[in-house]
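Worksheet for the structure shown next.
The values are calculated or read from the model by the stated rules, or taken from the named source; none is laboratory data. Bear in mind the structure is a predicted one, so any value in this text is a computation, not a measurement. As a convention, Cβ positions derive from the backbone with ideal geometry for all residues, glycine included, and neighbour counts pool all protein chains shown.
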Amino acid sequence: MNLKKLDLHGFKHHEVPIKVENFVLLNQDSLPIEIVCGKSQKMIDIVINVLNQIECEEYAIKDFGSVVVRKI
C-alpha cells in the first residue's frame, strides 16, 4: 500500500504546524498517512504537538524521522 506523504524537508519550523494540520485534515479519509520529518528532533516535536492539538487518536514515530498517522 502506498501511503500519502508530506515531506517536511526544506520547510522552516514556523511553517510546519499549518502544513501538518492541513495535510492531516485534508487526507483523513486516506489513512494511514505519513509525515516525513527528517532527523530534526525539533521538527518531530512540532509534528507531534500538532497531532495532539487536533486530537489525533493514533500515530507512531517510525525510524528515520517519520510519523505515521493511523487514526484521527
Result of the Cβ filter at 7 Å on segment 1-26, keeping first residues that are surrounded by 12 or more Cβ atoms within 10 Å (Cβ to Cβ) and partners that are of a type in the set (Asp, Glu), at least 6 apart or interchain, is Leu3/Glu34; Lys5/Glu34
Checked against (1) under 14 Å from Arg70 (Cβ atoms); (2) modelled with pLDDT of 95 or more, Lys19 satisfies every condition except (1)
Residue under question is Lys19, and the condition is that it be part of a loop (DSSP other than H, G, I, E, B) and basic (Lys, Arg); does it hold? no
Looking at segment 38-55 only, could you name the residues that are surrounded by 18 or more Cβ atoms within 10 Å (Cβ to Cβ) and closer than 16 Å to Asn22 by Cβ? Ile46, Val47, Val50, Leu51
